[in-house]
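K.L.:
Could you have a look at this structure, given as structure tokens, before my questions?
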Amino acid sequence: MNKLTIPDGLAKDIAARLGCKTDATVDFLTIALQNALLFDQKNLDYGNKNISGFGSFGVIVRANDKFERLKNLFNNRRSVATNESIEDSFRDISNYCIIATMLEHGCWPDYTKPTPPPPKRVRKPKPPKPIPPPLPVAPMEVNNPF
């Protein structure tokens, strides 16, 4: 039995209950549910502190590692990876995005979203000094020798 096996009809039942209309949505939900099982398995192994220790920035770094791995595989025209399948990388990226959303919503265990610092006070620029009026110029006499 595949460790990411979803009970037959579950995704279709969920799609129907949500009022979804397309077959693509059922396939999407099947993959999303498989990703939830994968998340559960990995969360049992890793715990929560690996994420809560670094928050959203840590998740961005982990997702970037997966993107860089995929870019390397595709740039070298390797359709099969040696240690981890390409699909596994896509699944991990998908789960990292959901984890980041959980962090942003404040619902990741053992994590308190940091309070952003207050906005910096922006000083209003001083108005420019008025330009003084031109100095008076005495009229000049022109001696016309002609």
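K.L.:
Would it be correct to say that Y46 is within 14 Å of the chain's Cα centre (by Cα) and aromatic (F, W, Y)?
P.N.:
So Y46 does not fit the description; no.
K.L.:
Same structure, new question: If you scan segment 42-96, which residues turn out to be free of Cβ contacts under 8 Å to residues at least 40 places away in the same chain, of a type in the set (S, T, Y) and assigned to a helix (DSSP H, G or I)?
P.N.:
Those that are free of Cβ contacts under 8 Å to residues at least 40 places away in the same chain, of a type in the set (S, T, Y) and assigned to a helix (DSSP H, G or I): Y46, S89, Y96.
K.L.:
What number of residues within segment 111-126 are within 18 Å of the chain's Cα centre (by Cα) and of a type in the set (K, R)?
P.N.:
The total comes to 1.
K.L.:
Does segment 35-51 include one or more residues that are over 30 Å from K113 (Cβ atoms), in contact with a helix residue (DSSP H, G or I) (Cβ under 9 Å, 6 or more places away or on another chain) and either among the small types (G, A, S) or surrounded by 13 or more Cβ atoms within 10 Å (Cβ to Cβ) (or both)?
P.N.:
No, the conditions are met nowhere in segment 35-51.
K.L.:
Can you tell me which residues in segment 57-102 are of a type in the set (S, T, Y), under 16 Å from L38 (Cβ atoms) and surrounded by 12 or more Cβ atoms within 10 Å (Cβ to Cβ)? Step through it out loud before you land on a result.
P.N.:
Going residue by residue through segment 57-102, those that are of a type in the set (S, T, Y) are 79, 82, 85, 89, 94, 96, 101.
With under 16 Å from L38 (Cβ atoms) added as a condition, the list becomes 85, 89, 94, 96.
Correct list: S89, S94, Y96.
K.L.:
Out of segment 1-31, which residues are open to solvent by less than 60 Å² (accessible area, probe 1.4 Å), assigned to a helix (DSSP H, G or I), under 25 Å from H105 (Cβ atoms) and free of Cβ contacts under 8 Å to residues at least 24 places away in the same chain?
P.N.:
A11, I14, A15, T25, L29
K.L.:
If I ask for residues that are touching a residue at least 12 places away in the same chain (Cβ under 8 Å) and surrounded by fewer than 10 Cβ atoms within 10 Å (Cβ to Cβ), which ones from segment 103-128 would you list? Before the answer, list the steps.
P.N.:
The first filter runs over segment 103-128 and keeps only residues touching a residue at least 12 places away in the same chain (Cβ under 8 Å), leaving 103-104, 108-111, 113-114.
Residue satisfying the conditions is P114 alone.
K.L.:
Could you tell me which residue of segment 16-59 is modelled with the highest pLDDT, considering only residues that are of a type in the set (A, V, I, L, M, F, W, C) and in contact with an Asp or Glu (Cβ under 9 Å, 6 or more places away or on another chain)? Can you show your working first?
P.N.:
Pass one, segment 16-59, residues of a type in the set (A, V, I, L, M, F, W, C): 16, 18, 20, 24, 26, 28-29, 31-33, 36-39, 44, 51, 54, 57, 59.
Filter once more, keeping what is in contact with an Asp or Glu (Cβ under 9 Å, 6 or more places away or on another chain): 38, 51.
Working: L38: 96, I51: 93.
Per the stated criteria, the residue is L38.
The values are calculated or read from the model by the stated rules, or taken from the named source; none is laboratory data. What you see is a predicted model, and the numbers here were worked out from it, not measured in a lab. Cβ coordinates were reconstructed from backbone atoms using ideal geometry, including for glycine residues, and neighbour counts include every protein chain displayed. When the accessible area is computed, the model is the full protein with side chains, heavy atoms only, and any ligands, DNA or RNA have been set aside. Shrake-Rupley method; radii C 1.70, N 1.55, O 1.52, S 1.80 Å.
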